[in-house]
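So the structure is just underneath, and the comments pick up after that.
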Amino acid sequence: MIVLRGDLGAGKTTLVKGIAEGLAAAPQQHVTSPTFTLVHEYRGAAVTLFHIDLYRIDTDRELATLGIDDLRQEPHSLLLVEWGEKFEQIQAQSDGEIWIERIGENERKITFSRPD
Ligand SMILES: Nc1ncnc2c1ncn2[C@@H]1O[C@H](COP(=O)(O)OP(=O)(O)O)[C@@H](O)[C@H]1O
Ligand SMILES: [Mg+2]
């Protein structure tokens, strides 16, 4: 489980498009923002990618309804979580964080970090 961190419009969803295509889980044009649906699932031969957006999730109770623990148990699953840093329990369980900063129209700074 990787947290994708960055402001609105930083490029989190765009990065997921590239990762989905790179892992052959879905062509990039099939990947759309899960802002309203919260969880999108893309099944590839080698990886099942879960793209999750917690922007509209505000409470631990709402978070629990997504069943993230179950998704993590699925074989060969990769969870990419936008706005995961909002929740302590997501941060505590995450295997890393990709932080995207908008430097300019066509420039981004991307920092990857592992948990302490
Ligand atoms: N690396 C990048 N270079 C240039 N434009 C980008 C890049 N990443 C994203 N964008 C553009 O920024 C806008 C917002 O991207 P999006 O991935 O939806 O952001 P987020 O999910 O962080 O809110 C889109 O118009 C997208 O095309
Ligand atoms: Mg997004």
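In region 38-49, what count of residues is obtained for those that are loosely packed, with under 12 Cβ neighbours inside 10 Å and touching a His at 6+ places or on another chain (Cβ under 7 Å)? Residues in region 38-49 being loosely packed, with under 12 Cβ neighbours inside 10 Å and touching a His at 6+ places or on another chain (Cβ under 7 Å): 1 in total. Filtering region 50-92 to residues that are surrounded by fewer than 16 Cβ atoms within 10 Å (Cβ to Cβ) and among the acidic types (Asp, Glu) leaves ASP58, ASP60, GLU62, ASP69, ASP70, GLU74, GLU88. For region 91-110, the criterion of being charged (D, E, K, R), over 13 Å from ILE2 (Cα atoms), in a helix (DSSP H, G or I) and more than 13 Å from the chain's Cα centre (by Cα) is met by no residue.
Here the strands (runs of 3 or more DSSP E) wholly within region 10-88 that include at least 3 residues being farther than 18 Å from ILE98 by Cβ are 39-43. Collect the residues in region 23-37 that are under 15 Å from the mean Cα position of the chain (by Cα) and either surrounded by fewer than 17 Cβ atoms within 10 Å (Cβ to Cβ) or basic (Lys, Arg) (or both), keeping them in residue-number order. Correct list: GLN28, THR32, SER33, THR35, PHE36, THR37.
All of LEU15, LEU38 fail the test of being at positive phi and within 13 Å of ligand 2 (Cβ to nearest atom), apart from LEU38. Selection of region 20-53 for residues being within 12 Å of ligand 1 (Cβ to nearest atom) and over 19 Å from LEU66 (Cβ atoms) yields only GLN28. GLY6 passes every criterion in (1) on the phi < 0 side of the Ramachandran plot; (2) within 12 Å of the chain's Cα centre (by Cα) apart from (1). Taking first residues from region 90-102 that are away from ligand 1 (no atom under 16 Å from the Cβ) and partners that are in a strand (DSSP E or B), the Cβ contacts under 6 Å between residues at least 6 apart in sequence or on separate chains come to SER94/VAL3; GLY96/ILE2.
Laboratory data are not the source of any read-out in this text; all were calculated from the coordinates shown. Keep in mind the model is a prediction, meaning the values are calculated, not measured. Positions of Cβ are generated from backbone atoms using ideal geometry, with glycine treated the same way; all protein chains shown enter the neighbour counts.
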